[in-house]
Every structure is written in structure tokens, then in C-alpha cells.
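Here the structure comes first, spelled out in C-alpha cells, and everything after it is commentary.
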Amino acid sequence: MITTVTADFRAALPAGGRLLGLDVGTKTIGTALCDAGWSFASPAQLVRRTKFTKDKAALAELIGAQAVKGLVIGLPLNLDGTDSPRTQSTRAFARNLDDMDLPILLWDERWSTVAVERVMIEQDLSRAKRAERIDSMAAAHILQAAIDALVNA
């Protein structure tokens, strides 16, 4: 099941459980995990993109090791809310993960990377450190926004 509707995603997970957030880029996939009670999201590992089968295997390993019950994937919409080529690519990525039998929530990620980068600059992180951490931090930002909405749904 792939949805953009928070209530539908919540209904698919009546017992809660750990969620994996993904910030899907062309070169990397930032990941983040939340606790089973959906209180807080934390950055996790960075997956370097290669072939989709290898990317999927790396995600499947993480899902199994962390007992993940659902996926939250950042959806890169245009500022006006319309789809872009990246949005279409992310939707295709989600469809290719749909056979993992986990509910998938596509979450509007507009401004997530900008917000995270702003915080990292305020923390005086070097450009190199920001580049190394931004995708997983963005995934955590996306996942936190989604779980905040899920808890209040």
C-alpha cells in the first residue's frame, strides 16, 4: 500500500512499530529511524546509490535488522505542489519497494533539506560535514514531521 494520506497509513499500522524514513536522491538515500511509539526520529545510515537491486537489498537489510513496520518516503514536490521529474522518480522508487509488504507513506518534503542545512550552518558545521550528513538529517526531518502528524491523526 502506497499512500499520501496520513490516516490511511496509520490505519495500516494499528499497533504502531518502528518506521524508516527515506530521503531518496540520485546519488544517495538518506535514512532515519523512529522508535516504535513514534516519539522521535534519528538519522541512520547513508546508502550510496548503485543499481536498484543493490539499493533495495541494503534497505531490506536495514528493515530486517531494525524490525521496521512501515516506510515514510520524502516526496520532492515543486513549490506550487505539482509533480516534477524528481517526484515521478520517487514515486517509481516507492512502487518498486511496494512488494516488501510494508505500508508506504509519501510525505511532502518541500523545504526539508533547506531547513536541515540552515540548522547545520547555525551549528557551525563545515561544508564537508554538512555534505556528509545532510541526506540522513533530511530523512530524520521528514520522518519527524510524518510521525508528528501520525500521532495527532
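Observations
- If you wrap region 24-86 in the convex hull of its Cα atoms and look at it from every side, the mean projected area works out to 5.3 nm².
- Rounded FRET efficiency, nearest 0.05, which uses the C-beta distance separating residue 122 from residue 92 and R0 of 35 Å: 0.50
- In nm, spacing of pseudo-spin labels at residue 67 and residue 79 (7 Å Cα→C-beta vector): 4.4
- Computed from the Cβ-Cβ distance with R0 of 30 Å, the FRET efficiency linking residue 39 to residue 1 stands at 0.80.
- If R0 equals 25 Å, the separation of the Cβ atoms of residue 149 and residue 50 corresponds to a calculated FRET efficiency of about 0.15.
- Geometric extent, Cα atoms of region 1-107 - Rg, Dmax (angstrom): 13.2, 38
- Ranked by the mean number of other Cβ atoms within 10 Å per residue, highest first, peptides 36-45, 20-29 order as 20-29, 36-45.
Just so you know, all these numbers are worked out from the coordinates, no wet-lab data involved. Remember, predicted model here, so these are calculated numbers, not experimental data. When we count neighbours, we look across all protein chains shown, and the Cβ atoms used for this are built from the backbone with ideal geometry, even at glycine.
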